[in-house]
Amino acid sequence: MDAKLVIIPTYNEKENIENIIRAVFKLPELFHILIIEDGSPDGTAAIVMQLQKEFDGQLFMIERKGKLGLGTAYIAGFKWALAHNYDYIFEMDADFSHNPTDLPKLYRACSEQGADVAIGSRYVSGVNVVNWPIGRVLMSYFASKYVRFVLGMKISDTTAGFKCYRANVLKTIDLDKIKFKGYAFQVEMKFTAYKCGFKLVEVPIIFINRELGTSKMSGGIFSEAFLGVIQLKIYSWFKK
């Protein structure tokens, strides 16, 4: 049986964390969960610790000392997953913007349909975003178009953060050389996998804006992504 790990970074997610964990464990297929907890002052870690007693051997947590960035959270999770011999590694948000019932679709795209990276895509079949202000929808949509144009990837949702990787992809990428920590990290990982020759496949999902807790998005995140794409393109000219 394939070993599957869902990595969920958290910062102040007490309203969502128990529900998202239970939703994953209710799926008919077996997934393990690794929480990367960045020192949430709201007690998120305590909730996870309590649930670890109930889901012993399925629920794990790495606690870090403060907000160190989304990218570094996932890199820490990837290294942990590889050290523990997982075959498929997933990225997912804690706030239900990514529906846990889509995890098996991403898994099958890799395990049965030949993808090396399966991307939960908001834009591959129209614009499937619920409860976002129109300005944010447009910003996200055209950001993906911009990334696609600059980097040449044939991907509709280049900034998506709901993904499944075959372990071999993460073993091949030099994780210590991934530069970006914010949402540009999502672009960099896709582009690096693409440049390494891996097959990236988009799986249509419906993205629903969080109902509980507060968003971690900011203008700085988008500016990093905008400038980061240009940097990635320039770097790609000088390295294989």
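Structure above, values below:
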{"read-out": "Criterion violated by ALA118 - all others in (1) modelled with pLDDT under 95; (2) under 24 Å from SER144 (Cα atoms) satisfied", "value": "(1)"}
{"read-out": "Residue, farthest from THR72 (Cα to Cα), within region 89-126, restricted to residues that are in contact with a Ser or Thr (Cβ under 7 Å, 6 or more places away or on another chain) and either crowded, with 22+ Cβ neighbours inside 10 Å or of a type outside the set (A, V, I, L, M, F, W, C) (or both)", "value": "TYR123"}
{"read-out": "Failed criterion for ASP102 (all others in (1) acidic (Asp, Glu); (2) over 11 Å from ILE8 (Cβ atoms); (3) at pLDDT below 95 hold)", "value": "(3)"}
{"read-out": "Lone unmet requirement of (1) over 21 Å from SER121 (Cβ atoms); (2) at pLDDT below 75; (3) part of a helix (DSSP H, G or I) for TRP237", "value": "(2)"}
{"read-out": "Within region 183-221, considering residues that are at pLDDT below 90 and of a type in the set (A, V, I, L, M), the one surrounded by the fewest Cβ atoms within 10 Å (Cβ to Cβ)", "value": "LEU212"}
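Every residue, every condition in (1) surrounded by 15 or more Cβ atoms within 10 Å (Cβ to Cβ); (2) among the basic types (Lys, Arg); (3) under 19 Å from the mean Cα position of the chain (by Cα); (4) closer than 23 Å to ASN168 by Cα, yes or no:
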site: LEU5; (1), (2), (3), (4): yes, no, yes, yes
site: ILE8; (1), (2), (3), (4): yes, no, yes, yes
site: TYR11; (1), (2), (3), (4): yes, no, yes, no
site: ILE21; (1), (2), (3), (4): yes, no, yes, no
site: LYS26; (1), (2), (3), (4): no, yes, no, no
site: LEU34; (1), (2), (3), (4): yes, no, yes, yes
site: GLU37; (1), (2), (3), (4): yes, no, yes, no
site: LYS53; (1), (2), (3), (4): no, yes, no, no
site: ILE62; (1), (2), (3), (4): yes, no, yes, yes
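The values are calculated or read from the model by the stated rules, or taken from the named source; none is laboratory data. In this text the structure is predicted, and so the values were computed from the model without any measurement. So basically every Cβ, Gly included, is an ideal-geometry build from the backbone, and we count neighbours across all protein chains shown.
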